[in-house]
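A short write-up of the structure that comes next.
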Number of protein chains: 2
Amino acid sequence: MGEISTGPTTKERILEDALTTFGTRGYDATSLDALAGQLGIRKQTILYHFSTKEDLLTAVVDRAALDLLATIEQALDSAGPESWERVEALVRRIFRLALVRPELLGLMREVSRPGSSMAERLAAQMEPLIRRGRIFLQREMAAGRFQKADANYVMLSAYSAVVGVATEVEVSRALGIEPTLRSMVERRKQILHFLNSALLENTTTSDS
Amino acid sequence: MGEISTGPTTKERILEDALTTFGTRGYDATSLDALAGQLGIRKQTILYHFSTKEDLLTAVVDRAALDLLATIEQALDSAGPESWERVEALVRRIFRLALVRPELLGLMREVSRPGSSMAERLAAQMEPLIRRGRIFLQREMAAGRFQKADANYVMLSAYSAVVGVATEVEVSRALGIEPTLRSMVERRKQILHFLNSALLENTTTSDS
DNA sequence: AGACTTCTCTACCATTTGGTCAGTGGGTGA
DNA sequence: TCACCCACTGACCAAATGGTAGAGAAGTCT
């Protein structure tokens, strides 16, 4: 495999571009021809690397899952051991992701359409992370550092809130909130506040 | 127009079915042939009533907006004058909608993809409602009945939370939350709690 | 050099897609 | 009865779609 200083592989480029396009325009709305066009290659080259379009999608989903996991892992590694601090680091990191690669979160939404077969696959890949989050929350709750609640619901709320930010640009606009950096920061502040009060209600808050 | 006891018009049936299918499987994933097949008619009949597929989509969006407006209007009309009571009635009504016609909220999500031309149209139709909501919130805030905050952000959070419920079934499942009635009630309770604390923080709460 | 592998392309193909056209039949008003 | 309109359909069509087959270029190993 001579990939020394050759820049990104064609396969890599296809994957990257497909992720972006699937995540923004959607899977069904993206033809292989269009994809190839953007990349300056022929459709057959795509089909050489990924034998069907659905195959490409699964590869894209796998990659997205990997990226997401890596991002989160990174956030948690760089955060201190304090419970709330870890939650905050996670949210901040994902907001950064939403700013820098919104298509990744868009893909999550695209793929988690009810009944989608990709949803299952994605879920399977995220399972370790989910379990880790659940265990973390439950431990903190048991130790009295977080308020007692159903960890699954807490995570669902957080997910829905965060993905909504990246994903509901048009709704924001309709509500008079332009997708500027400032508004993103504001949203992040709100979500952190929400999580803070959901988790710490009757404890010392670390906010403002 | 003699529509006496003839049951729903063909046009009506097309609209209804298209709304459901677009809202669940998505616009691009739905062919006119498939749509016609479900209805037991020929594709040409659809194109007779709606001259292009995009035309059908706009009609569907218009109808969805109308239904949504009607639902909300109804909730507000049946609610008392007390501020929090009105918010609660609204949320409850939309949750019922999410249960009974999830495809309607699914369509919202489908259509509000960033850059979608339908997003604009939908926004325009929802504008009066949005303004009404904003004015309501601002008035209540000014009167000290609600905590002071940016009304737009409050509405965005509420929207994102509620639509997420109807829409993120697969994510819920991945988190171990099956889409049962009980789980929906639980989610509703949480969202109401969230809104309550966002709006009433330092006031008498009406919750439990 | 020659065989082999890897990658990309040109040339096709069957099917599906959104859409047109020219009807057909049934009802309605003059 | 005749003209007219409405709702609907069968027969097509051009373009686009996902996918196949095979060849050529370039490198690698022997």
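Any idea what the A:A124 label distances to the other copies are, label 7 Å down the Cα→Cβ vector, nm, shortest first?
Spacings between copies for this position, smallest first, are 4.6 nm.
Looking at chain A from every direction and averaging, what is the projected area of its Cα convex hull in nm²?
Answer in nm², one decimal: 14.2.
Please label the shape of the protein assembly as shown as rounded, prolate or oblate, based on the square roots a ≥ b ≥ c of the eigenvalues of the alpha-carbon gyration tensor (a/c under 1.5 means rounded; beyond that, a/b larger than b/c means prolate, else oblate).
Here the protein assembly as shown falls in the oblate category.
Under the Karplus relation 6.51 cos²θ - 1.76 cosθ + 1.60, θ = phi - 60°, what is the ordered set of whole-Hz ³J(HN,Hα) values for segment A:91-104, x standing for Gly and Pro?
4, 4, 5, 6, 5, 4, 4, 4, 7, 8, 9, x, 4, 5
Summarise the partner chain shielding of B:20-30 as one whole number: the mean count of Cβ atoms from other chains within 10 Å of each residue's Cβ.
Going residue by residue through B:20-30 and averaging, the value is 3.
Within 10 Å, count the other beta carbons around each residue, average over each peptide in B:105-114, A:146-155, and list them highest first.
B:105-114, A:146-155
If you take the charge dipole of the protein assembly as shown about its Cα centre, with +1 on Lys and Arg Cβ and -1 on Asp and Glu Cβ, which of A:V154, A:V61, B:A166 is farthest toward its positive end?
A:V154
Show that you can apply the helix-only estimate: for the protein assembly as shown, add -39,500 (n - 2.57) for every DSSP H stretch of four or more residues, divide by all residues, and state [θ] at 222 nm to the nearest 500.
For the protein assembly as shown, the value works out to -24000 deg cm²/dmol.
Near the axis that takes chain B to chain A, which B residue has its beta carbon closest, and at how many Å?
B:D28, 2
Specify which residue in the list B:S78, B:L90, B:P114 is farthest towards the positive end of the charge dipole of segment B:60-115, using unit charges on the beta carbon of Lys, Arg (+1) and Asp, Glu (-1), about the Cα centre.
B:P114
Once the label point is placed 7 Å from Cα along Cβ, list for B:E73 the distances to the corresponding points in the other copies, in nm, shortest first.
Computed spacing set for this position: 5.4 nm.
What size of dipole, in debye to the nearest 20, comes out for segment A:61-200 about its Cα centre when the only charges are +1 on Lys and Arg C-beta atoms and -1 on Asp and Glu C-beta atoms?
I would put it at about 200 debye.
Enter the mean number of other protein chain beta carbons within 10 Å of the beta carbon of each residue in A:154-167, as an integer.
5
Placing the label point 7 Å from Cα along the Cα-to-Cβ direction, what are the distances from A:R13 to the equivalent spots in the other copies, shortest first, in nm to one decimal?
From this label point to the equivalent ones elsewhere in the assembly: 5.2 nm.
Quick one: order A:E82, B:E120, B:E88 by neighbouring beta-carbon count within 10 Å, fewest to most.
A:E82, B:E120, B:E88
What is the mean number of Cβ atoms from other protein chains located within 10 Å of the Cβ atom of each residue in peptide B:185-196, rounded to a whole number?
Mean shielding count: 2.
Taken together, the values in this text are just the output of simple stated rules run on the coordinates, not laboratory data. Not measured: the values here are computed from a predicted model. Cβ sites come from the backbone with ideal geometry, for glycine too, and all protein chains shown count toward neighbours.
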